[in-house]
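K.L.:
Next up is a structure, given as structure tokens.
The values are calculated or read from the model by the stated rules, or taken from the named source; none is laboratory data. For clarity, every value in this text was computed on a predicted model and none was experimentally measured. Cβ sites come from the backbone with ideal geometry, for glycine too, and all protein chains shown count toward neighbours.
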Amino acid sequence: MALTATADQRTREEIVTRLALHEPRRFVSGFDRPNIHYAVAPKTDATRQLQRFLATHPGQAGIVYCLSRARVESIAKQLDAAGIQALPYHAGLPPETRRRHQARFLREDGIVMVATVAFGMGIDKPDVRFVAHLDLPKSMEAYYQETGRAGRDGQAADAWLIYGMQDVVRLRQMVDASDADEAHKRIERARLDTLLGWCEMTTCRRRALLAYFDDDPGRDCGNCDNCLSQPATWDATEPARMLLSCIYRTGQRFGVGHVLDVLLGRTTEKTAQNHHETLSTWGIGRDIAEPRWRSIVRQLVVRGYVTADADRFGALRLAASSRGLLRGEDRLVLREDPVSTGRVKKPKTTRPTGAPELSPEDTALWHALRALRKRIADDEGVPPFVVFQDATLLDMVRQRPTRPTAMLDVHGVGQKRLERYGERFLDVIREHQLGTE
């Protein structure tokens, strides 16, 4: 699916029209955030997938976005039970609770905020090391804005998204059920379809994301899942025809689960009631594992060959575009999903991570500097990054200044901060130096 900048251009034109501007000058800055690593995976077991992802970010601050308030509460409780400092945030919580959780997120290290999109606007925390989406955002614009809250200090950060068929059905249902006029609904459907196409693409994600906002980097990024580990594809023409035929022969009245029961030849109360064991498609898909069948369904829906009727409990129906595939006139190549459930895929080539890769000696100094920063921040009632950002502490570890003049060479240390905090941080560095000699 091609990604275009039409939505962004339309937004700019609407601003000009509403403000009645006459031939205004336009300033569009670059959208690229090269320190953010983008990755998308199919949703299988969301909680387990999230916990495995968070295991790659121990003790780091991040945001986990969910679509509903109930899901926010549930995920926060599960993470807390797993020993991860997680706090819920959504519009249904009392204002005082929201203020308290937001303050902890800003001032404490390693807090994971599980939130709806009600959280994030105006949050200026530079050391957010990841933004994870457990549910599909509504558009490329929403996704870019939400993931942009990661890595504002310029250090490596992750934007991680998982999604599945239910996300597609739910969001399309929300668009169709809204009170907006049909023209607006068409725009929202197009935005969702563009995001879905981006999720399933096999080429550089950053390049496509920037192209949507009319920004061309001119080359692949080398820092997204597709660049670091080129996704495999496979010829799914025949399996897709089996699936389409099964949807047709079962009357286009059933959801994914029942259609797969027929394809895999599994006798259930529903298949027996409908005598579907007599169909020619009964059991013809036994040679293909169910996870792969679910991947095929999801990708056929995204590509517009199949629709999921939200008003009929997700019943699968054939779209007009499926005719060529059913007749054997079209060939279909699909993305190969990872077989393992929820496993965080390791890239073939290394990339910087949010956690600094330090020697044991440097790690000890790093933690000592962070502990001092936390004490100062607590005493002054400010977030730790107001004292010094992580990038500054890392530069202290690398340079190991022991004199005030040398401290001024550290990134992020000016004369005022040197006078206010410098001697205390120098003392920690000197003590560490003595301890390692």
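K.L.:
Between Gln51, Gln102, which is in contact with a helix residue (DSSP H, G or I) (Cβ under 9 Å, 6 or more places away or on another chain) and not in a strand (DSSP E or B)?
P.N.:
Going through Gln51, Gln102 in turn, just one is in contact with a helix residue (DSSP H, G or I) (Cβ under 9 Å, 6 or more places away or on another chain) and not in a strand (DSSP E or B): Gln51.
K.L.:
Which one of the conditions (1) surrounded by fewer than 20 Cβ atoms within 10 Å (Cβ to Cβ); (2) in contact (Cβ under 8 Å) with a residue 40 or more places away in the chain; (3) assigned to a loop (DSSP other than H, G, I, E, B) does Cys221 fail to meet, given that it meets all the rest?
P.N.:
Of the numbered conditions (1) surrounded by fewer than 20 Cβ atoms within 10 Å (Cβ to Cβ); (2) in contact (Cβ under 8 Å) with a residue 40 or more places away in the chain; (3) assigned to a loop (DSSP other than H, G, I, E, B), the odd one out for Cys221 is (1).
K.L.:
How about region 105-120: which of its residues are surrounded by fewer than 18 Cβ atoms within 10 Å (Cβ to Cβ) and out of contact with any helix residue (DSSP H, G or I) (no Cβ under 9 Å at 6 or more places or on another chain)?
P.N.:
Gly110
K.L.:
Restricting attention to region 136-158, which residues are outside any loop (DSSP other than H, G, I, E, B) and farther than 9 Å from Ile36 by Cα?
P.N.:
Result: Met140, Glu141, Ala142, Tyr143, Tyr144, Gln145, Glu146.
K.L.:
Count, please, the residues in region 69-106 that happen to be in contact with a Lys or Arg (Cβ under 9 Å, 6 or more places away or on another chain) and touching a residue at least 40 places away in the same chain (Cβ under 8 Å).
P.N.:
Number of matching residues: 2.
K.L.:
Could you grab me the full set of residues in region 119-135 that are assigned to a loop (DSSP other than H, G, I, E, B), farther than 30 Å from Val256 by Cβ and either touching a Ser or Thr at 6+ places or on another chain (Cβ under 9 Å) or not aliphatic (A, V, I, L, M) (or both)?
P.N.:
Within region 119-135, Phe119, Gly120, Gly122, Asp124, Lys125, Pro126, Asp127, Arg129 qualify.
K.L.:
Pull up region 195-206, narrow it to residues that are part of a helix (DSSP H, G or I) and surrounded by fewer than 21 Cβ atoms within 10 Å (Cβ to Cβ), then point me to the one that is modelled with the highest pLDDT.
P.N.:
It comes out as Trp198.
K.L.:
Within region 228-254, which residues are under 19 Å from Arg303 (Cβ atoms) and among the small types (Gly, Ala, Ser)?
P.N.:
Ala232, Ala236, Ala240, Ser245
K.L.:
How many of the residues in region 148-161 are at pLDDT below 95 and not small (Gly, Ala, Ser)?
P.N.:
4
K.L.:
Is it the case that some residue within region 339-358 is outside the structural domain of Pro291 (by TED's automatic domain parsing), modelled with pLDDT of 85 or more, under 30 Å from Arg420 (Cβ atoms) and touching a His at 6+ places or on another chain (Cβ under 7 Å)?
P.N.:
no
K.L.:
Another question, then. Outside the structural domain of Ser295 (by TED's automatic domain parsing), modelled with pLDDT of 90 or more and either surrounded by 12 or more Cβ atoms within 10 Å (Cβ to Cβ) or not acidic (Asp, Glu) (or both): does that describe Asp80?
P.N.:
When the stated conditions are applied, Asp80 passes them.
K.L.:
Please go through region 380-417 and pick out each residue that is surrounded by fewer than 18 Cβ atoms within 10 Å (Cβ to Cβ), farther than 22 Å from Lys125 by Cα and not hydroxyl-bearing (Ser, Thr, Tyr).
P.N.:
Scanning region 380-417 gives Arg398, Gln399, Arg400, Arg403, Pro404, Ala406, Leu408, Asp409, Gln415.
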